[in-house]
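Written out below as structure tokens is the structure these notes cover.
Nothing in this text is a laboratory measurement; each read-out follows from the coordinates by a stated rule. Not measured: the values here are computed from a predicted model. Heads up, the Cβs are rebuilt from the backbone with ideal geometry, glycines too, and the neighbour counts pull from every protein chain shown.
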Amino acid sequence: MALGIPVAFMAIVYAYPVGAMLLKSFTEPKPGFGNFRRAFTDDAIWDVLVITVRMSAEVAVLTVVLGFPVAYFLARTSKRKARFLVLLVIIPFWTSILVRSFAWIVLLGDNGLVTKILEPLTGDAQGMLYSESAVIIAMTHILLPFPILIIKGTLDQLDATLPPAARSLGAGPVRAFVHVYLPLAVPAIVSSGMLVFVIALGFYVTPALVGGPKQSTIAVVIAQAVQVNFDWGMAATLATMLLVIATALTMIVRRLTKVKGMVAL
Amino acid sequence: MAAPAAPGAETRPARPPGRRRDRRSPTTPLERALHWGLRGVVTLVLGFLVTPIVIVILESFNSVDYLSFPLEGWSLRHYRQFFADSAWVDATLLSARIAVVSALIATVVGTVAAWGLARSKSRGKGLVFALLYSPLLIPIIVLAMSYYFTFADYKVIGQWQFISVAYSVMGIPYVLVAVSNALQQFDPELENAARTLGAGMTRTLLRITLPSLTSAISAGALFAFVIAFDEAVIILFVSGSGSVTLPRKLWDAVRYDLTPTLAVAGTILIAVCVGLFLLSELMKILRERRERR
């Protein structure tokens, strides 16, 4: 009985709009698979898909590579220190994506701090704003808290006596880490990387603000279809494709690992 | 603290000498090198995470009309400018209003759902949970398209009430998870006991169940508020000209011109969201402390 109200609410204000959107990809402007045919035969759309997947993969790898050492450190340092350092991860996490993208515009722009620091090295006063590197840096910054918090969550549960045990049996520190500790962390590493990949696929604000026309992701093209071309059918079609891909990948991640609840807090 | 030591404090066995050291202090040169290497990497990565946020806050105090780092000088003039400009102030107030309404809706719906799910024995439970939880997993641009089309079809683009409802959908998963977790710790026998002692259903809910869920509900509500206050994608399509929220205004301004006033807007967004987060952490710590006593 008590479930009736939430279910009815979600049906009207959530399932209906999403369903209507999905339907539009088959009915707008005229019924059929025309939109999908158009999308799959359009080279520009393929390019966008390739760029989106490539940038998302790069960001996923970077966040995991940068995030793992932090998670490892946080899991092994004292409780009190970890509690403080985790704040340094969570505060950016709670800061609006728009504000963080704005911050990178400031940092990477013509007079930005990063540009100034790099200028003697590169001889380039232009700054790297509106480039793929800029998008990758900003997205890595925005998504980095996910792997840190997820991997830390797993490492916290690991038996802390395992590496010393390996050591006492004669393994060196590197060997103890690579053969004993790391394998236990692999599920969390893989699933957090895939999660970042899925979230990155749908990113809009950051590529739109920090990237140039060559960094148009699928979300940017969806927005353009609506706002510039008034092509609702194409926007709905691309959104449907994105939704299908994201849902499939999310389900795979959940199958692979039991990382429960993406409320990473 | 001046409070008398907790009972048991003196009886706790003294820490064996040297225990702290041999916990994980590096011994061989290789280990020491790895240890310091790790520390260096961690410092760099944490610096990378925090620096952009610090820069936004610092820029808002810049004394000149353009963004520059290091700052030319310190001043509050951009804050004065921000609060003198009714467009920015209205946008901030609108964001707050939308966030309050949508957090209220999300809290009520999410709490009822969590309670219903905890009590339900039906097989459709998993499906209901998936429905309520899925807004967290679907790409926001997909949600944005969905609401844009529906709002356009029903000609409600730019009406803040509808935007609040749309945002509440994104807050529901957070409330649901927070309250569900709390309900798992809650002993249903307490409800049964109250009922057998003659309390009616409503009375039991209000006097027994809800009070033990207060902190979970408020944590969920806080999440829902922040989500709605911050939201910067859906609003780009549904705000029309009538509902320019703070993120929407910031988005427009960023594409037009970069000034320290934008850093003020950014700082306000940071302050509200991070402030609420720290508040919830503080409440959690205080509660833990009270429970330990």
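Both numbers refer to the Cα atoms of region A:1-144; Rg and Dmax are 22.2, 68 Å.
Averaged over the residues of peptide B:108-118, the number of Cβ atoms from other protein chains lying within 10 Å of each residue's Cβ is 4. For region B:25-105, the Cα gyration tensor yields ellipsoid semi-axes of 42, 23, 7 Å (square root of five times each eigenvalue, largest first, whole Å). Going from the fewest other Cβ atoms within 10 Å to the most, the residues A:HIS179, B:HIS35, A:HIS141 appear in the order A:HIS179, B:HIS35, A:HIS141. For A:LYS81, the lysines whose Cα comes closer than 16 Å to its Cα, not counting residues fewer than 8 places off in the same chain, are A:LYS152.
Highest average first, the peptides A:230-240, B:170-180, A:127-137 ordered by how many other beta carbon atoms sit within 10 Å of their residues are B:170-180, A:230-240, A:127-137.
Temperature 20 °C, viscosity 1.002 mPa s: under these conditions the Stokes-Einstein estimate for region B:157-282, based on its Kirkwood radius over C-alpha pairs, is 125 µm² per second. For A:LYS30, the lysines whose Cα comes closer than 29 Å to its Cα, not counting residues fewer than 8 places off in the same chain, are B:LYS155.
Which whole DSSP H helices in chain B pass both tests: a Cα extent of 30 Å or more along the axis and a mean Kyte-Doolittle value no lower than -0.5? Correct list, ordered by number: B:29-59, B:86-119, B:160-185, B:260-292. Counting only other chain Cβ atoms within 10 Å of each residue's Cβ, the peptide A:86-92 averages 5.
At a temperature of 25 °C and a viscosity of 0.890 mPa s, determine how fast the protein assembly as shown diffuses translationally according to Stokes-Einstein, using the Kirkwood radius over alpha-carbon pairs as Rh; express D in µm²/s, rounded to the nearest whole number. Diffusion coefficient, whole number: 95 µm²/s. With R₀ set to 22 Å, the beta-carbon distance separating A:ALA57 from B:LEU44 gives a calculated FRET efficiency near 0.45.
Placing +1 at every Lys and Arg Cβ and -1 at every Asp and Glu Cβ, with all other atoms neutral, what dipole size does chain A have around its Cα centre, in debye to the nearest 20? Value, rounded to 20: 1120 debye. With viscosity 0.692 mPa s and temperature 37 °C, the Kirkwood radius over alpha carbon pairs of region B:53-95 converts through Stokes-Einstein to a diffusion coefficient of 294 µm²/s. Rounded to the nearest 10 degrees, the angle from helix A:79-94 to the longest Cα principal axis of chain A is 10 degrees. Relative to the longest principal axis of the Cα atoms of chain A, helix A:132-143 runs at roughly 70 degrees. Cα-based radius of gyration for region B:215-293, normalised by 2.2 N^0.38 Å, reads 1.43.
As a check on your grasp of the helix formula, calculate [θ] at 222 nm for the protein assembly as shown: sum -39500 (n - 2.57) over DSSP H runs of n ≥ 4, divide by the residue count, round to the nearest 500.
Calculated mean residue ellipticity at 222 nm is -23500 deg cm²/dmol.
Per residue of peptide A:18-26, the mean number of Cβ atoms on other chains within 10 Å of the residue Cβ is 4. The share of alpha-carbon pairs in chain A lying farther apart than 33 Å comes to 35%. In chain A, the longest principal axis of the Cα atoms and the axis of helix A:97-108 are about 80 degrees apart. Multiplying each eigenvalue of the alpha-carbon gyration tensor of region A:1-71 by 5 and taking the square root yields semi-axes of 33, 29, 6 Å, largest first, rounded to whole angstroms.
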